[in-house]
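Asks: After the structure tokens below, expect a handful of questions from me.
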2 protein chains.
Amino acid sequence: MKQYTWGIIGPGKIANKFALALPLAGNAILKAVASRDITRAKTFADTHGGAQTYDSYKKLAADPSIDAVYIATPHSYHAEYGLLCLRHGKAVLCEKPMALNGAQVSEMIAASRLHHAFLMEAMWTCFLPLMQRITDMIDAGKIGKIKYIRADFGFLAPFQPTSRLFDLRLGGGSLLDIGIYPLFLCLHLLGRPDNIRAAGYLAPTGSDESCNALLTYNDGRSAVITSTLACQTSLTAEIAGTEGAIRIPSPWYKNDRFAYLRAGQPEETIVLEPMVNGFEYEIREVTRCLEAGLIESPSMSHAFSLTMSRTMDEIRRQIGVRYAVD
Amino acid sequence: MKQYTWGIIGPGKIANKFALALPLAGNAILKAVASRDITRAKTFADTHGGAQTYDSYKKLAADPSIDAVYIATPHSYHAEYGLLCLRHGKAVLCEKPMALNGAQVSEMIAASRLHHAFLMEAMWTCFLPLMQRITDMIDAGKIGKIKYIRADFGFLAPFQPTSRLFDLRLGGGSLLDIGIYPLFLCLHLLGRPDNIRAAGYLAPTGSDESCNALLTYNDGRSAVITSTLACQTSLTAEIAGTEGAIRIPSPWYKNDRFAYLRAGQPEETIVLEPMVNGFEYEIREVTRCLEAGLIESPSMSHAFSLTMSRTMDEIRRQIGVRYAVD
């Protein structure tokens with residue numbers, strides 16, 4: 001069985017989680033790490049049992065021994081480095097958000113098709129056992145027809161103009177960084193909304209400190225999503241249907257348990273298998289897709305990422321967050 | 001100490017709860033019950049230890065032995081019967097919503113002032129020990145500055161065109177019936193919003209089956225409220241501040257316990273005194289106000305009811321729910 005070799009671009013905190021899960025995901029090994037700061041790359045490689053290090057992303061992208069690249073830079077570089085790797089024929093797992101806006105995502109998808117190179121947004125929550133189980137239960141009619149979804153993701157991040165969370169040039173703002181989790185849940189279960197009504201509050205840098213959005217559907221379904229860097233929210237999600245509900249306690253986006261409620265029956269808590277750190281499932285999905293010769297994941301498709309990005313474009317338009325590339 | 005004598009207009013389910021709490025609220029006794037269906041009035045009076053019965057609201061309003069009237073009819077009659085009682089100088093505790101729109105509420109307030117008769121919206125949640133404690137804690141800075149509030153109230157009510165929940169002529173719709181609870185919480189703690197963005201879904205009768213609204217404030221605070229008759233929601237509320245959060249489990253609007261969270265400290269559950277059914281606190285508030293010779297409650301003021309009603313007017317305008325009196 002082929003071992004897929006991975007390179008990492010942007011060896012930060014999130015890449016560290018990824019590298020911890022990589023050897024436990026099966027058929028995947030860390031082969032190279034690139035950072036413009038070579039010391040950072042070397043420290044990272046040492047921490048994770050050794051790997052080739054590069055002081056340039058181009059060199060990593062050009063390394064013929066690498067099958068797949070995980071891009072974990074600030075959001076504003078996703079498109080550039082994603083395209084770089086795709087053009088070298090690498091499979092790309094790109095941290096969420098795939099890019100800053102729908103136009104960039106479209107360009108990346110086009111490159112994936114042109115070069116027949118795999119491309120997937122690292123929306124890891126999608127592949128967790130919890131999300132798989134919930135999706136199966138909903139498909140099986142366990143909560144009837146979904147009428148309402150609510151999810152939040154908020155924590156307190158003191159304002160710093162140069163922090164990637166707030167710096168507009170780095171794709172700062174709550175929506176792209178954490179609001180994408182509740183957005184994913186809603187779009188995954190409900191599809192593209194017919195209507196969006198959003199309200200946000202902008203930090204002095206012009207990025208969104210907080211963002212609330214109502215997603216509504218012409219058949220009466222609705223969803224409410226919240227993201228904020230101004231306070232700690234409950235990190236819970238609920239999916240309410242005509243015959244039952246699913247409620248995911250904190251932290252909903254990476255939990256291994258949830259509550260299933262059905263009218264007239266006692267609440268049931270469903271506990272799933274223990275996880276490494278949750279990243280292993282998206283890595284396995286990449287392996288599966290590469291083994292099958294696919295250029296996109298059926299579960300986290302190009303079209304889905306484009307819909308997420310375009311929905312965020314519309315939300316940002318309404319709340320007045322504009323990136324230079326828009 | 002004076003015993004305040006109460007009359008009840010509209011002896012239905014909610015009036016039953018009220019009558020159960022009345023003798024336990026102190027200084028309050030049930031004196032009369034009016035229903036256009038005299039049998040209904042008699043049955044109700046019998047259930048609650050006997051009381052004068054009337055087959056007309058006018059007769060009850062004209063009964064000189066009655067100090068205060070509790071109005072528990074469908075929403076669409078609140079203004080008419082409230083005005084009737086105020087004009088007879090009765091103190092009026094009017095079920096929420098006070099009336100169908102801001103114009104009606106204004107008229108009731110004007111009558112209260114003209115006749116120097118007490119008027120209060122029966123927003124009972126406001127007077128519960130939980131709400132008092134939470135308000136005190138927030139005023140004392142226990143969660144810092146509030147940044148975000150979220151609350152929902154939804155249950156599954158199968159559509160019936162003639163049900164008061166759906167019939168536009170009876171003031172049907174989720175917002176006025178149950179959305180007013182989350183709205184109360186937000187306005188109570190945050191004041192009048194600077195901006196409202198709402199989305200709803202209308203039943204075939206034109207009333208709102210569901211309604212979501214974003215309330216935002218120019219200083220960055222925000223609130224999200226949900227009401228729906230299409231599914232059972234979690235019935236939870238959260239209030240998140242810069243230094244902590246308060247989370248109220250189901251059913252948040254009548255609970256006797258809540259969780260207090262502060263960064264770096266273990267979650268604390270605060271349990272309050274046992275309640276009769278929660279209605280006793282609003283009754284005691286009326287007694288206190290009458291003893292003090294007031295025509296409005298400082299805690300649930302005329303101005304507050306008017307703000308709630310006008311906020312609902314704006315939400316209804318946005319979602320397209322229009323009552324005949326609008």
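To keep it simple, each residue is scored yes or no on (1) open to solvent by 60 Å² or more (accessible area, probe 1.4 Å); (2) at pLDDT 95 or above; (3) part of a strand (DSSP E or B).
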residue: B:Leu20; (1), (2), (3): yes, yes, no
residue: B:Ala32; (1), (2), (3): no, yes, yes
residue: B:Arg40; (1), (2), (3): yes, yes, no
residue: B:Ala45; (1), (2), (3): no, yes, no
residue: B:Lys58; (1), (2), (3): yes, yes, no
residue: B:Val69; (1), (2), (3): no, yes, yes
residue: B:Glu80; (1), (2), (3): yes, yes, no
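Asks: Could you pull out every one of the strands (runs of 3 or more DSSP E) wholly within the range B:209-326 that has 3 or more residues that are out of contact with any Cys (no Cβ under 8 Å at 6 or more places or on another chain)?
Replies: B:237-241, B:245-248, B:257-261, B:268-271
Asks: Tell me, which residue of the range B:234-245 that is within 9 Å of another protein chain (Cβ to nearest Cβ) and hydrophobic (A, V, I, L, M, F, W, C) is surrounded by the fewest Cβ atoms within 10 Å (Cβ to Cβ)?
Replies: B:Ala245
Asks: Considering only the range B:192-229, state which residues are among the hydroxyl-bearing types (Ser, Thr, Tyr) and more than 9 Å from every other protein chain (Cβ to nearest Cβ).
Replies: Across the range B:192-229, the qualifying residues are B:Thr205, B:Ser207, B:Ser227.
Asks: Looking at the range B:246-260, is at least one residue touching a helix residue (DSSP H, G or I) at 6+ places or on another chain (Cβ under 8 Å), surrounded by fewer than 15 Cβ atoms within 10 Å (Cβ to Cβ) and modelled with pLDDT under 95?
Replies: no
Asks: Do you know which of the residues in the range A:142-158 that are open to solvent by 70 Å² or more (accessible area, probe 1.4 Å) and within 11 Å of another protein chain (Cβ to nearest Cβ) is farthest from A:Pro193 (Cα to Cα)?
Replies: Here the answer is A:Pro158.
Asks: While we're looking at this one, here's another question. Considering only the range B:263-285, I want to know if a residue exists there that is over 29 Å from B:Val69 (Cα atoms), at pLDDT 95 or above and crowded, with 21+ Cβ neighbours inside 10 Å.
Replies: No, the range B:263-285 contains no residue that is over 29 Å from B:Val69 (Cα atoms), at pLDDT 95 or above and crowded, with 21+ Cβ neighbours inside 10 Å.
Asks: Evaluate the following for A:Leu165: is it in a loop (DSSP other than H, G, I, E, B) and at positive phi?
Replies: Against the criterion (in a loop (DSSP other than H, G, I, E, B) and at positive phi), A:Leu165 does not qualify.
Asks: Filter the range A:86-124 for residues that are under 22 Å from A:Asp326 (Cβ atoms), buried (at least 20 other Cβ atoms within 10 Å of the Cβ) and charged (D, E, K, R) and give the result.
Replies: A:Glu95, A:Lys96, A:Glu121
The values are calculated or read from the model by the stated rules, or taken from the named source; none is laboratory data. Here the structure is a predicted model, which means the values were calculated and not measured. Backbone-built Cβ (ideal geometry, glycine too); neighbour counts: all protein chains shown. Just the protein is used for accessible areas: all its heavy atoms, side chains included, with ligands, DNA and RNA removed. Shrake-Rupley method; radii C 1.70, N 1.55, O 1.52, S 1.80 Å.
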